[in-house]
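One structure below.
Read-outs: derived from the displayed coordinates by stated rules, not from any lab. Just so we're clear, the structure is a prediction, and the values are computed from it rather than from any experiment. Cβ atoms come from the backbone with ideal geometry, glycine included; neighbour counts cover every protein chain shown.
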Amino acid sequence: MPERRSWQNKFNEWFHDMLSKAEIVDYRYPVKGGGVWLPYGFKLREKILSLIRKLLNETGHQEVLFPLLITEGMLAQEAEHVESFSQQVFWVTQAGRESLAEKLALRPTSETAIAPMFKLWIRSHVDLPKRIYQVVSTFRYETKATRPLIRVREITTFKEAHTCHETFQEAEEQVKTAVKVYSSFFDELAVPYVISKRPEWDKFAGALYSLAYDTVFPDGRTLQIGTVHNLGQNFSKAFEITFEAKDGGREFVWQTCYGISERVVAAVMALHGDDHGLILPPSVAPIQAVIVPIPYKGYEEAVNRKAESLTETLRREGFTVHADLREKYTPGAKFYDWELRGVPVRIEIGPKDLEKGVITLVRRDTLERTVAPEGEAVKALESLLSRVQADMKNRAEAWLKQNVKRLKSLSEAEALVKAGNISGIIELSWCGREECGLKLEDTLELKALGTPYPEEKVEGLKCVLCGGKAESFLRLSRQY
Ligand SMILES: [Zn+2]
């Protein structure tokens with residue numbers, strides 16, 4: 001795509017432009033790192049959330065809602081966890097004129113809020129497994145520069161799932177289910193990803209291990225868009241979440257948790273856009289097709305009436321369709337407007353179309369025009385939307401594939417870094433030792449994403465750094 005290249009370098013500017021022009025979010029709110037979801041952005045967010053809700057509900061998860069506040073004592077109960085978040089927590093210390101006897105934290109995440117309730121709810125093995133999730137705001141005092149949708153202080157779209165199980169094996173199975181759910185989710189959003197097992201030094205605090213989804217942005221940097229953690233028994237031991245096992249003994253539950261955030265919205269926007277604006281996948285586009293009448297002297301009434309009746313027909317079939325009948329705008333201005341917002345298909349109805357009994361469809365991703373008999377509008381739109389969806393997914397996957405490079409040696413990687421040519425993810429054979437991993441990060445000035453998941457067998461290769469037997473490939477990138 002030559003067009004993509006032209007704005008690749010200007011990606012940041014483009015992204016910020018889109019946030020305001022397409023009316024997604026407004027971060028001019030007076031509290032740093034907090035933004036306002038605008039109507040079109042809110043609709044997109046809602047569509048994305050309803051997709052993940054559907055996938056979770058279908059796999060035995062139940063939605064709940066926990067309080068925003070966590071006592072200091074609760075937050076401090078799991079040592080590693082509190083240590084890792086200590087610099088990022090917002091505290092409530094006063095109410096009215098009184099100082100609070102115990103400080104309250106605005107949740108940075110909810111493991112320690114949920115654990116005490118799990119302790120009350122779970123009595124015996126018949127109460128297990130337990131799978132809950134919520135969609136809430138979480139708060140983190142980001143000290144790095146904040147960035148709309150990507151690094152914010154109030155994460156407004158935190159979808160977190162938490163589960164409890166009888167055995168380690170069942171928790172492992174749940175991790176696999178979570179990976180399946182998230183993979184389907186990102187597939188439906190046409191967002192390509194790699195799944196990596198995060199290195200020990202970068203896993204979620206309190207987890208046995210962490211898996212993460214990363215995608216590559218048009219500027220070559222990677223963004224973490226989802227995580228899945230096996231928590232083992234760390235939290236259940238800290239919070240004494242036990243159950244009566246089948247044999248009558250008391251045991252600690254095994255836990256997992258997994259989350260996504262508004263970074264998903266950022267990824268959907270970033271991965272498909274072009275010079276004209278956003279290109280949204282039909283699966284979550286707030287409007288799937290916009291109908292624009294092309295007025296001509298004497299035909300104004302007729303084209304408008306046709307636009308309205310076609311809108312009704314298509315809506316009855318379950319499409320989200322909008323007829324743009326604004327009188328003060330020319331058709332050209334309307335095209336510009338809806339292209340900017342990434343509506344997947346535009347349907348034009350002009351006097352000639354009326355005469356011939358046809359409609360003109362224009363797909364947003366390629367701007368290609370097709371004509372279909374008016375009587376077959378439903379079929380034509382349905383097949384065009386599914387083609388757009390599939391093509392968007394294929395293009396995005398090709399982009400990712402092109403941006404994951406397996407290199408043979410450290411010098412090859414160093415040459416790329418030196419030439420300023422690091423785009424996407426590089427993979428280097430690695431012995432698995434933290435010492436070598438950290439040194440690779442340092443030498444290349446890149447961040448380690450971890451090793452491929454599912455695990456890839458590596459044979460006959462040596463660590464690019466120490467020359468020892470390679471256990472896996474270490475993925476590295478410039479990260480958001
Ligand atoms: Zn090594």
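Listed by chain and number, the aspartates and glutamates whose C-alpha is less than 16 Å from the C-alpha of K328, apart from same-chain residues fewer than 8 away, are E300, E301, D337. A Förster distance of 25 Å, applied to the separation of the beta-carbon atoms of A302 and E327, puts the FRET efficiency at 0.95. Averaging the sequence gap over all C-alpha pairs within less than 8 Å and six or more residues apart, then dividing by the number of residues, gives the range 253-408 a relative contact order of 25 percent. Whole-percent P(r), the range 108-263, all Cα pairs, 10 Å bins from 0: 10, 37, 34, 14, 4, 0. Determine ³J(HN,Hα), in whole Hz, for all residues of the range 359-364 in sequence, where each value follows from phi through the Karplus function 6.51 cos²θ - 1.76 cosθ + 1.60 and θ = phi - 60°; x replaces Gly and Pro. Along the range 359-364, the couplings run 10, 10, 10, 10, 7, 5 Hz. Run the Debye formula on the Cα coordinates of the range 341-480, all scatterers equal and no solvent, and tell me log10 I(q)/I(0) at q = 0.13 1/Å. Summing over Cα pairs of the range 341-480 leads to -0.66.
Basic side chains Lys and Arg get +1 at the Cβ, acidic Asp and Glu get -1 at the Cβ, and with that the dipole of the chain about its Cα centre reaches some 740 debye. Put simply, the convex hull of the Cα atoms in the chain casts, on average, a shadow of 27.8 nm². Ordered by the number of other Cβ atoms lying within 10 Å of each residue's own Cβ, fewest first, C466, C431, C164 fall into the sequence C466, C431, C164. This ranking places V264, V36, V31 by how few other beta-carbon atoms lie within 10 Å of each, fewest first, which gives V31, V36, V264. Restricting attention to the chain, close to 80% of DSSP beta bridges with both partner residues there are antiparallel. What the phi angles of the range 32-38 give under the Karplus curve with 6.51, -1.76 and 1.60, with θ = phi - 60°, is a coupling list of 4, x, x, x, 9, 6, 8 Hz, glycine and proline written as x.
Remark: spin-label model distance N57-L438 equals 4.7 nm, labels positioned 7 Å along the Cα→Cβ axis. Taking only the C-alpha atoms of the range 1-108, the Rg (one decimal) and the largest Cα-Cα distance, Dmax (whole number), read 20.1, 62 Å.
Dividing the mean sequence gap of close Cα pairs (under 8 Å, 6+ apart) by how many residues the chain holds gives a relative contact order of 13 percent. Placing a label point 7 Å from the Cα of R369 along the Cα-to-Cβ direction, the residues of the range 321-335 whose backbone N falls under 15 Å from that point are 331-333, 335. Multiplying the residue separation of E251 and K180 by 0.36 nm and removing their Cα-Cα distance gives an extension gain of 22.7 nm. Around the amide H of G226, modelled in the peptide plane, lie the amide H atoms of Y213, all under 5 Å away and 5 or more residues distant in sequence or on another chain.
Please give the Cα centre distance for the range 410-480 versus the range 70-149, rounded to the nearest Å. Answer, in whole Å: 35.
Measuring nothing but how far apart in sequence close Cα pairs (under 8 Å, 6+ apart) lie, relative to its length, the range 187-304 scores a relative contact order of 19 percent. Give the lysines reachable from K408 as a straight Cα distance under 18 Å; neighbours fewer than 8 places away on the same chain don't count. The reachable lysines, counting only those whose Cα sits under 18 Å from K408, are K418, K439, K457, K462, K469.
Residues whose amide H lies under 5 Å from that of L449, counting only those 5 or more places away or on a different chain, are R475, L476, S477; hydrogens are built 1.01 Å from N in the peptide plane. If R0 is taken as 22 Å, the Cβ-Cβ distance between K469 and K405 corresponds to a FRET efficiency of 0.45. The slack between T320 and K119, meaning 0.36 nm per residue of separation minus the straight C-alpha distance, is 67.9 nm. When each of Y258, Y133 is scored by the number of other beta-carbon atoms lying within 10 Å, the sequence from fewest to most is Y133, Y258.
For G468, the amide hydrogen comes within under 5 Å of the amide hydrogens of C463, counting only partners 5 or more places away or on other chains and with H modelled in the peptide plane.
Across the range 395-408, coupling constants 3J(HN,Hα) worked out from phi with the 6.51/-1.76/1.60 Karplus curve, θ = phi - 60°, read 5, 5, 5, 5, 4, 5, 4, 5, 10, 10, 10, 8, 9, 8 Hz, and Gly and Pro carry x.
DSSP assigns beta bridges within the range 404-477; of those with both partners inside it, close to 75 percent run antiparallel. Straight-line cross-link partners of K306 among the lysines, defined as a Cα under 17 Å from its Cα and at least 8 positions apart when in the same chain: K297, K352, K356. On a 0 to 90 degree scale, rounded to 10, what angle separates helix 263-272 from the longest Cα axis of the chain? Roughly 40 degrees between the two axes. Using the structure shown, list the pairs from K119/K237; K405/K447; K176/K203; K119/K176 with a Cα-Cα distance above 22 Å, or answer none. Checking Cα-Cα distances, K119/K176 exceed 22 Å.
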